[in-house]
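Here the structure comes first, spelled out in structure tokens, and everything after it is commentary.
The values are calculated or read from the model by the stated rules, or taken from the named source; none is laboratory data. Computed from a predicted structure; not experimentally measured. Protein only, heavy atoms only, side chains kept; ligands, DNA and RNA dropped before computing areas. Shrake-Rupley method; radii C 1.70, N 1.55, O 1.52, S 1.80 Å.
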Amino acid sequence: MKVSDISDMWWKTAVFYNLNVGSYLDWNDDGTGDFEGLSHRLDYLGELGVTCLWLAPFYPSPRADNGYDIADYFGVDPRYGDLGDFVEVVRTAHERGMRVIVDLVVNHTSDAHPWFQSARQSRDSPYRDFYIWRDEPPEDQRASMFPDAEDGVWFYDEAAGQYYEHSFYRHQPDLNTANPKVREAIAKVIGFWLQIGVDGFRVDAVPFLIDNGGENEHEYLQAIRTFVGRRNGAGALLGEVNLPYDKQIAFFGDEDGDELTMQFDFVANQRLYLSLAREDAGPLVEALRARPQLARTNQWANFVRNHDELTLDQLSEDERNEVFEAFAPEESMRIHGRGIVRRLPPMLGGDPRWIRMVYSLTFSLPGAPVLYYGEEIGMGEHPTLPGRAAVRTPMQWADSPNGAFSGADADDLPHPLVSGGFSAEHINVSAQLHDPESMFHFVRQLVAAYAISPEIGWGDFEILPQPHACVLVHSLQGSMGRLIALHNFAPDGRKVTVTLDDTDESTRAIDLLGNETYLLDDGVLNVTLDGFGYRWIRIARTGDKRLL
Ligand code: GLC
């Protein structure tokens, strides 16, 4: 089957929600979130309108890297429950119309994985060549992804008597994906999770995974995609590829789009923050203009924040410093010299209009939006937790002890809850569910507006010229109509009026997020935006019977 034959391209218009089971809801009160807790929150996620859950690694692991250090690919870490609980979550999610993807972390294993334990014992181990060994590290060693923790990417293992390669932490030895036996083992992992019901994978660290020093690296990614397609015709691969567009595009494959199904748009994400810092839409506009055209089967994943640092590695040093100064003024908020360990609301000083403008924009950009748990209620970070733990604190369900995440002692939780102005006392699901003006209801409205606007996932994208540098106006032309989104990056007091004069085929202009009435005067529409204002306007043609 060719990937272009896939009919059910659900990912083109999906709303993703990423969570870590251990930080979501602790049902048995042992301090750690579990699958049973998650199963009790699927209705909540359904109400939000999520259509695909992305579960962060929940496999048995020493969790020295938040579970991205896997010790067994075929299990569930007992602190979260067992495989039965996992299957129950998948079944219930499917019943609620939600798909489930899981992390596929096969660039490396944990050093606790039995393959590595066997490999290091002897050169004759059948698993020795599962990893990458050298007697001496190369002189021109590449830099580690975690420069404050590691000097390089080779580490001497006493038991093995050789150095092994590790692109990330030293406790994460890289798998030798050039070895056919490793490829078979990875295929078994993929086949296993597809067989028990998952709808695809978030593929970790893809450029590292396929980097085997050889010539035909992308053939391996094609092979993975073909294998997924054979086992589940609607299986998706959402890849993490943080590279400039001209390099990133190759990871979608050829003109059929036969490698990764989706990729996060790290470029637009980083330029978004530069735009926010400058109160100028320009940097984001440049990125969107440079965004490569994708094959029909493929899609961009748009996001505001994720479980890692907000990486700014694709900005120039001056640009990065501008963003640092605006949003991470203290050294403790920065990491690896390239990123920020904060969530959006505190970065924007808790300004609800600014925060909402950013989410409105993200949902309106061509692609599919990905939420990181807690974003829907405007959670903040824990400023004194080390490293990326700051943005991985327990979900805030209610204004009660431990934010109603767990009934265990606070000392037994994976991370302490956020304190201060963004604590569960002030920011929690329960209060927001009852408040129609809350962030939760706003995000829910965005999800609903996205759901009735398939042109965002499928339509033809265009940036509309207009005179205000602080404003981004873009249009998505679908088969039934057109959506025009307007976003003002300038703050309070900087009202602007944008004239849209290219709407002559239309008979109606409908405000999707508000209830303003727009009158078209001979095809001309004047839209006034307040500081941080945003609008989604549907330009409906004659015959478009949609109510909204
Ligand atoms: C990815 C993950 C990150 C992890 C790294 C190593 O970048 O998002 O959390 O530390 O891979 O697996």
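For T92, the solvent-accessible surface computed with a 1.4 Å probe is close to 20 Å², ligands and nucleic acids excluded.
If the Kirkwood radius is taken over C-alpha pairs of the stretch 295-359, then at 20 °C and 1.002 mPa s the Stokes-Einstein diffusion coefficient equals 164 µm²/s.
Given in Å, the Rg to one decimal and the Dmax to the nearest whole number for the Cα atoms of the chain are 23.5, 80. The alpha carbons of the stretch 202-349 stretch over 49, 29, 28 Å along the principal axes, in descending order. Largest to smallest in accessible area, the residues R392, R91, R296, R63 fall in the order R296, R91, R63, R392 (1.4 Å probe, all protein chains included).
Taking the three principal axes of the alpha carbon atoms in the stretch 13-79, the coordinate ranges are 34, 30, 18 Å, sorted in descending order. Each DSSP beta bridge with both residues in the chain is either parallel or antiparallel, and the antiparallel ones are about 60%. For L104, the residues whose modelled amide H falls within less than 5 Å of its own, excluding neighbours fewer than 5 places apart on the same chain, are R202, V203, D204. For the chain, what % of the accessible area comes from carbon and sulfur atoms, probe 1.4 Å? Ligands and nucleic acids excluded, carbon and sulfur give 47 percent. In the stretch 114-165, the C-alpha radius of gyration followed by the widest Cα-Cα span (Dmax) gives 11.8, 35 angstrom.
Converting phi to 3J(HN,Hα) with the Karplus coefficients 6.51, -1.76 and 1.60 and the offset θ = phi - 60°, the stretch 269-278 yields 4, 5, 5, 4, 5, 5, 4, 5, 5, 8 Hz in sequence order, with x at every glycine or proline. Ellipticity at 222 nm from helices only: DSSP H runs of n ≥ 4 in the chain, each -39500 (n - 2.57), divided by the residue count, give -7500 deg cm²/dmol.
Over the stretch 10-128, accessible surface divided per residue gives 32 Å², non-protein components excluded, 1.4 Å probe.
Under 5 Å from the amide H of F264 lie the amide H atoms of G239, V241, A301, each residue being 5 or more positions distant or on a separate chain, with H modelled from the backbone and absent for Pro and chain starts. Looking at the stretch 459-540, the accessible area is 45 square angstrom per residue; that uses a 1.4 Å probe and ignores ligands, DNA and RNA. Computed from backbone phi with θ = phi - 60° and the Karplus coefficients 6.51, -1.76 and 1.60, the 3J(HN,Hα) list for the stretch 373-387 is 3, x, 5, 5, 10, x, 5, x, 9, 9, x, 9, 6, x, x Hz; x is used for glycine and proline.
Karplus-based coupling profile of the stretch 114-127, in residue order and whole Hz: x, 4, 6, 4, 6, 4, 6, 6, 7, 5, 8, 4, x, 9, with θ = phi - 60° in 6.51 cos²θ - 1.76 cosθ + 1.60 and x standing for Gly or Pro. How big is the gap, in Å, between the Cα center of the stretch 379-438 and the Cα center of the stretch 442-457? Value for the Cα centre distance between the two parts: 27 Å.
The aspartates and glutamates whose alpha-carbon is closer than 12 Å to the alpha-carbon of K12, local same-chain residues fewer than 8 away aside, are E455. Amide H contacts of R343 (H built 1.01 Å from N, in plane; Pro and chain starts excluded): E381 sit under 5 Å, all sequence-distant by 5 or more or on other chains. A 1.4 Å probe, protein heavy atoms only, puts the accessible area of D111 near 50 Å².
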